[in-house]
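Taking it in order: structure first as structure tokens, then the write-up.
What follows draws every value from the coordinates through simple rules; no lab data is involved. Because the structure is predicted, anything quoted here is derived from the model rather than measured. Please note: Cβ atoms are built from the backbone with ideal geometry, for glycine as well, and neighbour counts cover all protein chains shown.
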Amino acid sequence: MRAVVTPHPGDYDVMRVAEVPVPTLGPREVLVHNAASGVCYHDHLIRVGVMRRGITFPLILGHEGAGTVEAVGEAVRSLNPGDRVACTQWTENCGLCRFCRTNREPLCAERKYFGHDRDGTYAEFFKIQEDSLLPLPPEVSFEDGAILSCAIGTTLAAIRDVGGTQAGERVLVTGAGGGLGVHAVQMAKACGATVIAQTTSRDKVELIRSVGADTVVVARNGQFADEVKRAAGGEGVDVVCDNVGAPVFDEALRATARGARYVLVGELTGDPVTFNTARLFLKGVSLLSTTSTSRTQLADVIELVRAGRLRPIVTERFTFADAPRVHRLMVERKLSGRVLLIP
Ligand SMILES: [Zn+2]
Ligand SMILES: [Zn+2]
């Protein structure tokens, strides 16, 4: 099969299309004929060597995919060849620990990250455990299906479940033009919130408005807290869904209201931040985080998309050979929403 292989950490061109063996299946694993692979900033952080934990090279990147079941291991019960499926971002969780038993599989000590600890979706076929796959209804395309878990499921985890967003609250989404951002805006609207969206790109304002943001704030010289507070009626926002991390942390924290929940979702630079912790407790602000998507959260996202309550934003499609160029465009912030590699 054809795959985009990253032989070792390096610059964009380190990734190349190669012919590799089709993965062989364990008893509880499923081989999926991949129709589309989402491209995530996480992939860049692995490729460039910023993320190291659990990673061995050569590696097939990508944790976002959807397609048709090609073959199933002997112990697989819920899926058959020909079924349309979408996947979570992890595999090999134990299924038994307190996290697996309470719909928090991403915290399982045994789970492996797909396209990180294990070969992922930048390939014609990928293998993943049965528990990481859910049926994709006929109303949802493969291209939309490929981005449900990471680009949408993570925002559901952050805004609805960890952030506990209530109808009538005010939510700040940072990096609102990106793959998570455009879906975080929609998720906050689906929860009944007023949404204030922050971006650094004037070019992305129209897209962010089109997905439902009530106010779009374009940060100038990194500053946006005062404008966000004004848009939130003066005191600030109740929930922050922060898809950017260190570069915006100080301003986003300044934009919070009393009792706010600040949910860390993305970290683009890995730079440390320093802040006076009294800024949290004097206002009763909770600092929270989430990563990845549980099986039940993916099921909820599939239903939201199937019912037309949330629209996956796929803006561009590329071939495997374009992978180096796609990573470059992503790092240079020239991409909006999610883009796909089509096998
Ligand atoms: Zn991702
Ligand atoms: Zn477990």
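Annotations for the structure displayed:
- Placing one equal scatterer on every Cα of region 148-222 and applying the Debye formula, the log10 ratio I(q)/I(0) at q = 0.14, 0.15, 0.23 Å⁻¹ is -0.37, -0.42, -0.95.
- Taking 24 Å as the straight-line reach from the Cα of K283, the lysines in range (excluding those fewer than 8 positions away in the same chain) are K229.
- Between S286 and R333, the modelled label-to-label distance comes to 3.1 nm, taking each label 7 Å out from Cα in the direction of the beta carbon.
- For region 152-289, size of Cβ-based charge dipole, Lys and Arg +1, Asp and Glu -1, in debye: 240 debye
- Hits among lysines - C-alpha to C-alpha of K127 under 21 Å, sequence gap 8 or more where chains match: K112
- Among F224, V305, P9 the positive-end extreme of the charge dipole of the chain (Cβ point charges): F224
- The chain: mean projected area of Cα convex hull, nm²: 16.2 nm²
- Fraction of beta bridges assigned by DSSP in the chain that are antiparallel (%, nearest 5): 50 percent
- The phi torsions of region 309-316, fed into the Karplus equation with coefficients 6.51, -1.76 and 1.60 and a -60° offset, translate into couplings of 7, 8, 10, x, 9, 9, 9, 8 Hz, rounded to whole numbers, with Gly and Pro shown as x.
- Centre separation in Å (Cα based) which lies between region 196-248 and region 286-309: 22 Å
- Across region 33-43, coupling constants 3J(HN,Hα) worked out from phi with the 6.51/-1.76/1.60 Karplus curve, θ = phi - 60°, read 7, 6, 9, 6, 10, x, 10, 10, 4, 3, 4 Hz, and Gly and Pro carry x.
- Here the Karplus curve 6.51 cos²θ - 1.76 cosθ + 1.60, taken at θ = phi - 60°, turns the phi angles of region 227-235 into couplings of 5, 5, 4, 4, 5, 8, x, x, 7 Hz, with x standing for Gly and Pro.
- The chain, helix-only ellipticity at 222 nm - DSSP H runs n ≥ 4, -39,500 (n - 2.57), divided by all residues, nearest 500: -5000 deg cm²/dmol
- Stretch gain in nm, segment D83-R258, where the contour uses 0.36 nm per residue and the Cα spacing is subtracted: 58.2 nm
- 15 Å Cα-Cα reach of K189 towards aspartates and glutamates, excluding residues that sit fewer than 8 places from it in its own chain: D161, E169, D214, D238
- Translational diffusion coefficient of region 152-289 (Stokes-Einstein, Kirkwood radius from Cα pairs, 37 °C, 0.692 mPa s): 231 µm²/s.
- Cut-off 17 Å, label 7 Å out along Cα→Cβ of E206, residues of region 290-326 by amide N: 314-316
- Kirkwood-Stokes translational diffusion coefficient of region 208-290, alpha-carbon pairs, 37 °C, 0.692 mPa s, µm²/s: 248 µm²/s
- Exposure proxy ranking, count of Cβ atoms within 10 Å, fewest first, for R53, R101: R53, R101
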